[in-house]
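In what follows, a structure is listed as structure tokens, so that the remarks can point back to it.
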Protein chains: 4
Amino acid sequence: MKQVRIGLIGSGYIGRAHAVAYAQAPVVFALQGRLVKAALAEASPELAARRARELGFLRAAADWRELVADPDIDVVDICSPNFLHHEMALAAIRHGKHVYAEKPLALNAADAREMAEAARRAGVKTLVGFNYMKNPAASLAKEIIAGGEIGEVIHFYGAHNEDYLADPRTPADWHCFKRTAGLGALGDLAAHIVNMAHYLVGEIAGVCGDMQTVIPQRPARSGSDELVRVENEDQAHAMVRFANGARGVLETSRVACGRKMGLTYVVTGSKGALSFTQERMAELKLYRQDDPANRQGFRTLLLGPQHPDYAAFCAGAGHGIGFNDQKTVEVRDLIDGIAAELPLWPDFAEGWKVSRVLDAIVLSHQASRWVAVDEIG
Amino acid sequence: MKQVRIGLIGSGYIGRAHAVAYAQAPVVFALQGRLVKAALAEASPELAARRARELGFLRAAADWRELVADPDIDVVDICSPNFLHHEMALAAIRHGKHVYAEKPLALNAADAREMAEAARRAGVKTLVGFNYMKNPAASLAKEIIAGGEIGEVIHFYGAHNEDYLADPRTPADWHCFKRTAGLGALGDLAAHIVNMAHYLVGEIAGVCGDMQTVIPQRPARSGSDELVRVENEDQAHAMVRFANGARGVLETSRVACGRKMGLTYVVTGSKGALSFTQERMAELKLYRQDDPANRQGFRTLLLGPQHPDYAAFCAGAGHGIGFNDQKTVEVRDLIDGIAAELPLWPDFAEGWKVSRVLDAIVLSHQASRWVAVDEIG
Amino acid sequence: MKQVRIGLIGSGYIGRAHAVAYAQAPVVFALQGRLVKAALAEASPELAARRARELGFLRAAADWRELVADPDIDVVDICSPNFLHHEMALAAIRHGKHVYAEKPLALNAADAREMAEAARRAGVKTLVGFNYMKNPAASLAKEIIAGGEIGEVIHFYGAHNEDYLADPRTPADWHCFKRTAGLGALGDLAAHIVNMAHYLVGEIAGVCGDMQTVIPQRPARSGSDELVRVENEDQAHAMVRFANGARGVLETSRVACGRKMGLTYVVTGSKGALSFTQERMAELKLYRQDDPANRQGFRTLLLGPQHPDYAAFCAGAGHGIGFNDQKTVEVRDLIDGIAAELPLWPDFAEGWKVSRVLDAIVLSHQASRWVAVDEIG
Amino acid sequence: MKQVRIGLIGSGYIGRAHAVAYAQAPVVFALQGRLVKAALAEASPELAARRARELGFLRAAADWRELVADPDIDVVDICSPNFLHHEMALAAIRHGKHVYAEKPLALNAADAREMAEAARRAGVKTLVGFNYMKNPAASLAKEIIAGGEIGEVIHFYGAHNEDYLADPRTPADWHCFKRTAGLGALGDLAAHIVNMAHYLVGEIAGVCGDMQTVIPQRPARSGSDELVRVENEDQAHAMVRFANGARGVLETSRVACGRKMGLTYVVTGSKGALSFTQERMAELKLYRQDDPANRQGFRTLLLGPQHPDYAAFCAGAGHGIGFNDQKTVEVRDLIDGIAAELPLWPDFAEGWKVSRVLDAIVLSHQASRWVAVDEIG
């Protein structure tokens, strides 16, 4: 069996989730390749050594540059802060590595495009960590839409709202600055819902958006009186037009009190509708217009082994899946895609397309007009 | 006790709801005036006679022109199709009547303005039937916001989606034509959510909208092969900016499969949030950021006698209120407002302001740009 | 059209609800008789006069004895405290009146039986105010069960929990004493769920119950230091066996923090299930085993005009019905039953059957064994 | 760091879940011992070899007898069918192994007691796989109750309903026979809710129960015309009395259409209440009587890093945990308990206590009377 040797860069919030998925995937799924947790790079060799031990990687790399050049690595997995994705991915591609990178793919569409084109030219495989579309509930939604069960999609409402910066006393961290994060809520959160819109409905052709920094200054450090300027948006929304004629609305916020994991979508079709919220990630609501008039209603589908990918986690319906299980599906796709040479999606091209939509929203806001996504390079 | 003599024009869907409210209000509330169901006008004297008998009115008018001129009528209640509101209201005002009219107030903002100004000059009282803001849940939301419990409002999401025209086999009726209905979903449904936004957040200063006729042709009659053109929008949405700086999104549709009474709002404040859907009209969800971090969560407030207006209907909390109960609160406001000379709201001025927002959305769609509500006369 | 002249005894909490229903019913429904709010009796002639005026009754009776003897009354409507139902109903029956009485019908099954037999012998019509089974949602549940859509009923879970006495500082009122209330939560609340079980599943043959006074002493008056003994149960539950073989569980409490209107049922059948809670009184959840395996789920049916009785209140689906609307359906049944000589249900015989089940639960608790409902007289 | 070498017997439904937890635990938690997946036994050496490879165990045992005797094993993990637990556990204990066994611990209380006493005498540690009480939501419920936030517990409603045998065409499998499964729904499902009642409220002193085999015969094999007798109960319920005075109701069913993972509890206290259903495993509803009267309501606590154990899985609140994550917490307890000599719970003594309650329900049903749990040996 072909081995797939992973080199992980970064072991914070999301890097740990990758490590959990690497541990779980070979037990849960009958992978088509042999997953090897080969090496881990961190901000310092010491930290790398500690985390490699904790997370079960075979060795620590001195730094990320060593890792991307390591001939015994097949896939470079980039879980570093956003602003480093571009440089690291290009380096990895230069060394002929497949690249698995977290979202947002880059700080802007131009960088993302460069990365997607480099990967295409190099013939390496890529995958972006839009894990919410790996939720079996999303696959089920896709299956329902693709099968025509709700007819032609006429409207998409999508939101990704959270409240991690709702408290004005929360200090400014890397999310708040253009240099480190690029966009604010759009890049951190809306990237997911744009990808979901692409997955479920199709490509977005035009946008018209608005955005706002609600809390323009924050403490420099926890408890500090010193205030620093927040450089990117706390909340944004946009009207969108899909290439296939469907219309929609997108919303995002990082200051939306009470929304903890508010990735939500409502897909309205000519014959039915779907409704989902990630806070109840194991259920999907389906309405079918062809039910008898006095028996119509949204039905709550609890995920079970009769739905995509679920059975690998549990043989019992309704028993529940969690955040890391989505990453585990993603890792399954990665390993199988590389070992068995299957197509991978969402790839860097999709990461670029998502970035274009986000950049188009920003331009639309600045220019106070509709923007065709094609206007963004 | 001063009597308030009602003359009702129209006894269809919404006219009947008014009649139920007139029957209920004097028993439920200790009204400050004596409500008299004086006269009823309909499309024909025969129909008027029958409906007056059925709905408990003292006499039938020959037609609406006789009714508005009747010296024994204090209030003209207009429940006719939209396109007649303007003419009827102006006639009633000329005769010095107070006017209670259904929404949308008129086919467009210009007409609505004329009505509002006529009423102001004549010194008569007016009320528009935006009954959803009379729901005790809305009054409770207002109380919570006004008391600062969720801080400063930073975002408003509002929708009014239904599916009464979702089936393409449903024939075109008066809702579908400009001459009879004016706007489509915007006028019929979004009028409510715009009024709610005004009530809960404040005036809307600017909008940027999009709209679409999803099903451009419909059968002329039930089962007919003849198709006629639908002249107004099936779905629309808009980004809005409030005068006080809050931002928001509005959505409306009459083809949204599965949404039966989808008036929904989420008000996000700097210290909390509110969430409501009319399909569960007797509950309001409240999130408070100042709850302890490990005990935070949206709490479901079931309406009860400790909330505004509810106790009049039932002494038991959570026992439930219904659609007609909202109209009964509205009628209470009407009778008390006239008998005790209290201010009435939403009055024709508000009806005009709602129309301006709707017309601004249409203009914005046509011109593909943001429109200041002030641009509309 | 035959007139049906009502004499109402009592105008407190539930008497007012009757008055609202009397006001609403003739407007909402095309009644088969002419409803006349003829007379009202109260604890004093003065109170009766005031309430008659407020609630729209033609005259006040000196006392209930005068009212039940009044030849110009067709129906005596008993909304007095529980302990008076027996004497009043027997007197009304002696005068040949039809009787509409609130639940619980009597303080015990023996009294209820006497009332039911007296009514049968006198040939008068009777109706007991179990209004929750008049909810269109309950009628819809009945329709679904009767049509075999969920197969044969195998299990019934029913609860009626509230929290009106959850606070130990709430003083003892008439609910707490045997002389005035008879049973506690069983009589006040569980009577409803027993009636619902009869309606939806069938007669209960045997019970095994447990009950408890959770707060054995309460202040004699609000704020008082004097404590008095609570004489009846705060909470109770029972296992039941239906005559048709189905099994079930009943629960009731008046000290169940957070349950405001916790009448809840889950009916499990061999091919599906229904789930309902009165706190969301306008929706019923239906699960059908014959949906495709990957599309199964409880569907939320929002009440609408395609369901029983709803259209009378509103032509729009999902627009909502309230507590008093149930009473209005009940009054429709009353008037039509008397005017058109249709059968009425739940009648006094059903009131007696409910009392037998409750008394059987008490006996079962005292004797620590299963009790056949037939053991109760 | 002390190593903890696991020998797993059985790799079906639940054995696989253990394997996932073994893979995940060392990455998710900072375990206090080094977990070694040492050996795996199955029905045949060939199957054992295959599964060891798939699930990442170092070696395959020839059979379970070899595994329990293996000096290089510290913990025997029993995931075999119920009827084998007793013999295997006693053998493992004889060899001085710690034992981690799935529920129900044994086919009856007598066997469970023998196992618990053998373990106590041998001084080995034991753990029973009641994984639902390892859900952070259950730990949060325990924290809330123990902290007095809902006052004194006065009532517990607990259910574990599923529908895996709801279809009468589903063939009889090992669950249906006394020899292989012992009890039916009581052993397979209610064991969990009894354990949860013990955890959240305290020991159960007395029970009175009812049970029924709803579908008495089933096909011998899928599609077969041959019918065989089902020997144990499809549904059961019981009234319970806790040693501390609280009362309660338990329900269980394996034929409850629509309930996929219907482990549900409602804990009512003198000052508040908790409500939970495993189908929404990452949320707990809390009602507090001391909230202001007009702001009371069940609040939905979404699990997050501020709650017990959650942070190990994800740093983001509301991001969700799944079925296997509960097992991972269980494995964390196992490894830490053994490596750091911490107490383990639920241990075999608890497994025995649960079995006693279940056997008491059966006896109560047979004898038609209340049974003190102490009557069961």
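Some points to look at:
- Scan of the stretch B:89-106 for residues that are surrounded by fewer than 21 Cβ atoms within 10 Å (Cβ to Cβ) and in a loop (DSSP other than H, G, I, E, B), ordered by number: B:His95, B:Gly96
- The stretch D:129-161: number of residues that are of a type in the set (Asp, Glu) and outside any helix (DSSP H, G or I): 2
- Residues located in the stretch B:306-316, provided they are surrounded by fewer than 24 Cβ atoms within 10 Å (Cβ to Cβ) and facing chain C (nearest Cβ under 9 Å): B:Ala315, B:Gly316
- Qualifying residue in the stretch D:291-305 (condition: surrounded by 20 or more Cβ atoms within 10 Å (Cβ to Cβ), out of contact with any strand residue (DSSP E or B) (no Cβ under 9 Å at 6 or more places or on another chain) and either in contact (Cβ under 8 Å) with a residue 12 or more places away in the chain or among the basic types (Lys, Arg) (or both)): yes
- Selected residue [out of contact with any Ser or Thr (no Cβ under 8 Å at 6 or more places or on another chain), under 30 Å from D:Leu301 (Cα atoms) and either away from chain D (no Cβ under 14 Å) or of a type in the set (Ser, Thr, Tyr) (or both)] from A:Glu330, A:Glu341: A:Glu330
- Hey, B:Tyr164 assigned to a loop (DSSP other than H, G, I, E, B), within 29 Å of A:Gly297 (Cβ to Cβ) and open to solvent by 10 Å² or more (accessible area, probe 1.4 Å) or not: yes
- The residue that is surrounded by the most Cβ atoms within 10 Å (Cβ to Cβ), counting only those in the stretch B:14-49 that are away from chain C (no Cβ under 13 Å) and assigned to a helix (DSSP H, G or I), is B:Ala48.
- Search result, residues across the stretch A:256-282 that are within 21 Å of B:Lys260 (Cβ to Cβ), touching a helix residue (DSSP H, G or I) at 6+ places or on another chain (Cβ under 8 Å) and more than 8 Å from every other protein chain (Cβ to nearest Cβ): A:Thr264, A:Tyr265, A:Val267, A:Leu274, A:Phe276
- Residue, surrounded by the most Cβ atoms within 10 Å (Cβ to Cβ), within the stretch B:2-13, restricted to residues that are within 11 Å of chain C (Cβ to nearest Cβ) and in contact (Cβ under 8 Å) with a residue 60 or more places away in the chain: B:Ser11
- Sole exception among (1) more than 14 Å from every other protein chain (Cβ to nearest Cβ); (2) open to solvent by 30 Å² or more (accessible area, probe 1.4 Å); (3) touching a residue at least 24 places away in the same chain (Cβ under 8 Å) for A:Arg369, by number: (1)
- Counting the residues of the stretch A:59-114 that are hydrophobic (A, V, I, L, M, F, W, C) and touching a Gly at 6+ places or on another chain (Cβ under 9 Å) gives 19.
- When D:Asp333 is tested against (1) under 25 Å from D:Gln235 (Cα atoms); (2) among the acidic types (Asp, Glu); (3) under 19 Å from the mean Cα position of the chain (by Cα), just one condition goes unmet, and that condition is (1).
- Residue match in the stretch B:43-55 (condition: among the charged types (D, E, K, R), within 27 Å of B:Gly182 (Cβ to Cβ) and in contact (Cβ under 8 Å) with a residue 40 or more places away in the chain): yes
- Selection over the stretch B:138-155 of residues that are open to solvent by less than 10 Å² (accessible area, probe 1.4 Å) and away from every other protein chain (no Cβ under 11 Å) gives a count of 2.
- Residue list for the stretch B:198-219, filter: within 17 Å of B:Met239 (Cβ to Cβ), buried (at least 21 other Cβ atoms within 10 Å of the Cβ) and without any contact (Cβ under 8 Å) to a residue 60 or more places away in the chain: B:Gln212
- Condition met for C:Gly182 (farther than 16 Å from C:Phe276 by Cβ and small (Gly, Ala, Ser)): yes
- Scanning the stretch B:191-228 for residues that are farther than 18 Å from B:Asp173 by Cβ, assigned to a strand (DSSP E or B) and among the polar types (S, T, N, Q) yields a total of 1.
- Test: residue in the stretch D:263-285 that is farther than 23 Å from D:Phe130 by Cα, open to solvent by 10 Å² or more (accessible area, probe 1.4 Å) and free of Cβ contacts under 8 Å to residues at least 12 places away in the same chain: no
- On inspection, A:Ala112 does not qualify as surrounded by fewer than 22 Cβ atoms within 10 Å (Cβ to Cβ) and more than 30 Å from C:Asn294 (Cβ to Cβ).
The values are calculated or read from the model by the stated rules, or taken from the named source; none is laboratory data. For clarity, every value in this text was computed on a predicted model and none was experimentally measured. All Cβ positions, glycine included, derive from the backbone under ideal geometry; neighbour counts span all protein chains shown. Surface accessibility is based on the protein's heavy atoms, side chains included, excluding ligands, DNA and RNA. Shrake-Rupley method; radii C 1.70, N 1.55, O 1.52, S 1.80 Å.
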